[in-house]
Amino acid sequence: MMHPQQTCKVDPKKLDQIEESIRKLQTDMQLFYEQSNQRCYELLSSEIRNNFSRTMIGNIQERIDQDLESNIIPCCDMRDFCKGAFTEFLNETVQLIGRERVEKETIDEYWKKLNEIRKLVNYEDCDLCFKEVARIFQKQIDVLSSLRIYDKEGLFAENLPDVSMEDVVDDICEPLANKQRLTILKALVLDSRSFTDLSKLTGLRGGNLLFHLQKLVDKGMILQRNERGDYIVTSKGHSVFKGIMDIYSSVSDRENECGMIGEVVEDAA
């Protein structure tokens, strides 16, 4: 039996092992949580995209029949044959909207296929009908481009500069990963401000405010006109702030688009 004044001795190494096991368990749980969330997001995004594609394809197919009926030559011995061939061709090309990616070679192959159909008939007014089919096909290509499925000129390709991510974090992300510093930079983008002005704006005083100002000064985003003068934004600070606002606007717009797509899918269902 242990005496009341005696203490239980625990091996420090065992404590370290227990702590390490707990940390590993926490890391594994966090990883599992993040992977589960990502998987759910991917499944949901895929389902929304598939529903949206099916709805769009159906609407375009209805318009194909209407356009062909209205715009190809009415009095022609080959009208029924050509309309059937055109409908089959355009109903096949519209299915490209359901793909994740369409290469230029695929589009080129369909243009060649349309030219081959053209060679099967040789009437005086054939050009008028084939121009209409080409117009409809081009509209489908425009839809593919707007959905970022087809990129003829490689404009969507990411030409990422070869820069150190550590430098990006140190030079831009870390200095602005703070509400007060971002507030200061925004204020100085609009106009120069005194230390007192910035103190009233942020609610910070003395050394606390000076700490944040110095962070921005050290990274070349703002500067002080003289020892006791106003603070002003630099060209770098202006560019960085504008870039951040552009990114935020772009992301917000994309979220709004996703919301509207969800409404379309719900209505279609």
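The values are calculated or read from the model by the stated rules, or taken from the named source; none is laboratory data. Values in this document were obtained by computation on a predicted structure and should not be read as measured data. Neighbour counts are summed over all protein chains in view; Cβ atoms, including those assigned to glycine, are modelled from backbone coordinates with ideal geometry.
Observations, loosely collected:
- Among residues of the range 95-108, those that are surrounded by 16 or more Cβ atoms within 10 Å (Cβ to Cβ) and either outside any helix (DSSP H, G or I) or at pLDDT 90 or above (or both), counted: 3
A quick yes/no check of all residues on (1) exposed (fewer than 13 other Cβ atoms within 10 Å of the Cβ); (2) part of a helix (DSSP H, G or I); (3) at pLDDT below 90:
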residue	(1), (2), (3)
PHE130	no, yes, yes
PHE156	yes, no, yes
VAL168	yes, yes, yes
GLY229	yes, no, yes
ILE232	no, no, no
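For every residue, the table says whether it meets (1) touching a Phe, Trp or Tyr at 6+ places or on another chain (Cβ under 9 Å); (2) not hydroxyl-bearing (Ser, Thr, Tyr).
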{"site": "ASP167", "(1), (2)": "no, yes"}
{"site": "ARG181", "(1), (2)": "no, yes"}
{"site": "LEU185", "(1), (2)": "yes, yes"}
{"site": "SER199", "(1), (2)": "no, no"}
{"site": "THR202", "(1), (2)": "no, no"}
{"site": "HIS212", "(1), (2)": "no, yes"}
{"site": "VAL217", "(1), (2)": "yes, yes"}
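- Each residue in the range 209-227 was checked for being farther than 11 Å from ARG181 by Cα, of a type outside the set (A, V, I, L, M, F, W, C) and either surrounded by 13 or more Cβ atoms within 10 Å (Cβ to Cβ) or in contact with a helix residue (DSSP H, G or I) (Cβ under 9 Å, 6 or more places away or on another chain) (or both), and 4 of them qualify.
- GLU174 falls short of the stated requirement of being of a type in the set (D, E, K, R), without any contact (Cβ under 8 Å) to a residue 60 or more places away in the chain and not in a helix (DSSP H, G or I).
- Residue in the range 78-91 that is aromatic (Phe, Trp, Tyr), loosely packed, with under 14 Cβ neighbours inside 10 Å and not in a loop (DSSP other than H, G, I, E, B) present: yes
- Of everything listed in (1) touching a residue at least 24 places away in the same chain (Cβ under 8 Å); (2) more than 30 Å from the chain's Cα centre (by Cα), the single unmet condition for ARG118 is (1).
- Residues (in a loop (DSSP other than H, G, I, E, B), basic (Lys, Arg) and under 13 Å from LEU185 (Cβ atoms)) located in the range 196-227: LYS219
- Whichever residue in the range 192-208 is among the polar types (S, T, N, Q) and touching a helix residue (DSSP H, G or I) at 6+ places or on another chain (Cβ under 6 Å) and, among such residues, is surrounded by the fewest Cβ atoms within 10 Å (Cβ to Cβ): SER199
- Hey, GLN140 of a type in the set (S, T, N, Q), within 24 Å of the chain's Cα centre (by Cα) and surrounded by fewer than 15 Cβ atoms within 10 Å (Cβ to Cβ) or not: no
- Pairing residues of the range 71-91 that are closer than 17 Å to GLN138 by Cα with residues that are of a type in the set (A, V, I, L, M) and part of a loop (DSSP other than H, G, I, E, B), at Cβ distances under 7 Å and at least 6 apart in sequence or on separate chains, gives no pairs at all.
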